[in-house]
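Engineer: Structure incoming, see below.
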Amino acid sequence: MAEICVALLTPFTMSGDVAFDALETHAQFLIAEGMTSLMPCGTTGEGMLLSPAEVADVTAHVTRVARGRA
């Protein structure tokens, strides 16, 4: 099986907060479609806009969602 890593988009609410429900839906979809690695706060540019605490929260959330499946 090929290793496939995807940089996740970080969705935001209209008020600028991380949209964790949308992030979970996106990660679940990618895992179901066969992605073997997920890169939260990846190369889509928003990582530079997140605070260190937000980066930690997003990374922890994606790790919990993946539960060892990716």
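Engineer: Relative contact order for the chain using alpha-carbon pairs under 8 Å, separation at least 6, rounded to a whole percent?
Structural biologist: It rounds to 40 percent for the chain.
Engineer: Follow-up. What angle, in degrees between 0 and 90 and rounded to the nearest 10, separates the Cα long axis of helix 20-32 from the longest principal axis of the Cα atoms of the chain?
Structural biologist: With both axes taken from Cα atoms, the answer is about 20 degrees.
Engineer: Of the residues M35, M48, M14, which exhibits the maximal mean-square fluctuation in a Gaussian network model of the chain defined by a 10 Å Cα contact cut-off?
Structural biologist: Of M35, M48, M14, the most mobile in the Gaussian network model is M14.
Engineer: Still on this structure, please answer the following. Could you put F20, F29 in order of accessible surface area, largest first, with the 1.4 Å probe and the full protein assembly present?
Structural biologist: So, going from the largest accessible area down, we get F29, F20.
Engineer: Another one. Each label point is 7 Å from the Cα along the Cα-to-Cβ direction; what then is the distance between the points at A32 and R67, in nm?
Structural biologist: 1.4
Engineer: Rounded to the nearest 20 Debye, what is the dipole magnitude of the chain about its Cα centre when Lys and Arg each give +1 and Asp and Glu each give -1 at the C-beta?
Structural biologist: Once rounded to the nearest 20, the dipole reads 220 debye.
Engineer: How long is the gain from A60 to A7 if the chain were fully straight, where each residue apart is worth 0.36 nm and the alpha carbon distance is subtracted?
Structural biologist: My answer for the length gained is 17.6 nm.
Engineer: In the Gaussian network model of the chain, springs joining C-alpha atoms below 10 Å, which of G47, G16, G34 carries the largest mean-square fluctuation?
Structural biologist: Looking only at G47, G16, G34, the largest GNM fluctuation is found for G16.
Engineer: Quick one: with all protein chains in place, what share of the accessible area of the stretch 27-70 is carbon or sulfur, to the nearest percent (1.4 Å probe)? If you can, show how the numbers build up before the last one.
Structural biologist: On the way: 1600 of 2570 Å².
The computed percentage sits at 62.
Engineer: Right, another one. Would you calculate a helix-derived [θ] at 222 nm for the chain, using -39,500 (n - 2.57) for each DSSP H run of n ≥ 4 and dividing by the full residue count, to the nearest 500?
Structural biologist: The helix contribution divided over the chain gives -13000 deg cm²/dmol.
Engineer: Restricting to DSSP loop positions (anything but H, G, I, E, B) with no more than 15 other Cβ atoms inside 10 Å of their own Cβ, which GluC sites (Glu not before Pro) remain in the stretch 1-41?
Structural biologist: E3, E33
Engineer: Express in % the proportion of alpha carbon pairs of the chain at distances exceeding 13 Å.
Structural biologist: Working: 1493 of 2415 pairs.
So the portion of pairs separated by more than 13 Å is 62 percent.
The values are calculated or read from the model by the stated rules, or taken from the named source; none is laboratory data. Please read all numbers here as calculations on a predicted model, not as lab measurements. Note: ideal-geometry Cβ built from the backbone for every residue, glycine included; neighbour counts use all protein chains shown. All accessible areas refer to the heavy atoms of the entire protein, side chains included, with ligands and DNA or RNA removed. Shrake-Rupley method; radii C 1.70, N 1.55, O 1.52, S 1.80 Å.
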